[in-house]
Amino acid sequence: MKLYFAPGACSLADHIALNEAEIAHDRIKVDLKAHQTEDGRDYYAVNPKGYVPALELDDGQILTENIAILIYIAETVGRMLPARGIERYRALEMLAFISTELHKNYKAFYNPVASDAEKDEAHATLAKRFAFVGEKLNGNRFLLGDLISVADCYLFVMLLWARKFEVELPPSLLSYFDRMRDRPSILKSLKEEGLS
Ligand SMILES: N[C@@H](CCC(=O)N[C@@H](CS)C(=O)NCC(=O)O)C(=O)O
């Protein structure tokens, strides 16, 4: 498997999931401005959507979109996502929430022409969404209970960005973030992306 990534981008969630799952993989860095891979290829030829992440499977197929890639990783390793029943739908519910209600609300911070008003609105919306996640955590070790899941890998990156852009976080998420940051898979991933 080969993960196409940009340091500190949302592809870090997939990188963490691969390391947490102990799946051997290669990583190819992508320059998102030039749309070039570090080995000199046009990234649009890999992922016509032009963004990371993309996962190249062993048979050469390219899988895109964080949620699909995270589920693929979980199902490849046979853990990190409930296999069936309501727990599975709760996990998918959480992945969708992270993708559409957290991830997408960072848009203003990555848009060089976003106004201060747009950034203020993003701060307020994200703080509200994180307050909800903090309540959901409800004293649990991980987002879905006692076991780590791919939703935790994705949430960790959203929290990393929250720290970067000074988004208000509830105390439960601050301590969750500190706990997560000490996990070997996360330390390793941050180091491999040159972020530690
Ligand atoms: N819907 C995509 C969004 C991925 C995304 O937003 N990628 C960002 C980095 S976090 C990116 O590559 N942006 C550069 C661009 O859109 O050209 C997913 O969930 O995988």
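The values are calculated or read from the model by the stated rules, or taken from the named source; none is laboratory data. Predicted model, so just to flag it, every value in this text is computed and none were measured. In this analysis, Cβ positions are derived from the backbone assuming ideal geometry, glycine residues included, and neighbour counts consider all displayed protein chains. Areas reflect the complete protein model, heavy atoms only, side chains present, ligands, DNA and RNA absent. Shrake-Rupley method; radii C 1.70, N 1.55, O 1.52, S 1.80 Å.
If I take every Cα pair under 8 Å that is 6 or more residues apart in the chain, average their sequence separation and divide by the length, what percent do I get for the relative contact order?
After rounding, I find 24 percent.
If you roll a 1.4 angstrom probe over the protein chains with everything in place, what fraction of the accessible area of the chain belongs to carbon and sulfur, to the nearest %?
Here it works out to 51 percent.
When Lys and Arg each count +1 and Asp and Glu each count -1, what net charge do the other residues less than 15 Å away from Ala131, Cβ to Cβ, add up to?
In short, 0.
What accessible area per residue, rounded to a whole number of Å², is obtained for segment 85-183 using a probe radius of 1.4 Å?
54
At 0.36 nm per residue, and after removing the present C-alpha to C-alpha distance, how many nm does the segment from Asp120 to Arg41 gain when stretched out fully?
Working: separation 79, 0.36 × 79 = 28.44 nm, distance 3.79 nm.
Full-extension gain reported as 24.7 nm.
Mind jotting down a quarter of the surface of the convex hull over the alpha carbons of the chain, in square nanometres, one decimal?
Taking the Cα atoms of the chain, their convex hull projects to 11.0 nm² on average.
Can you give the net charge of the other residues whose Cβ lies under 13 Å from the Cβ of Lys2, counting K and R as +1 and D and E as -1?
Surrounding charge for Lys2 is -4.
For Cα pairs less than 8 Å apart in space and 6+ apart in sequence, what is the mean separation divided by the residue count of segment 85-183, i.e. the relative contact order in percent?
Relative contact order here is 30 percent.
With +1 assigned to the C-beta of every Lys and Arg and -1 to the C-beta of every Asp and Glu, and no other charges, what is the dipole magnitude of segment 1-60 about the Cα centre in debye, to the nearest 20?
That gives segment 1-60 a dipole magnitude of about 320 debye.
Along the Cα→Cβ direction, 7 angstrom out, place labels at Leu187 and Arg141. What is the inter-label distance in nm?
1.7
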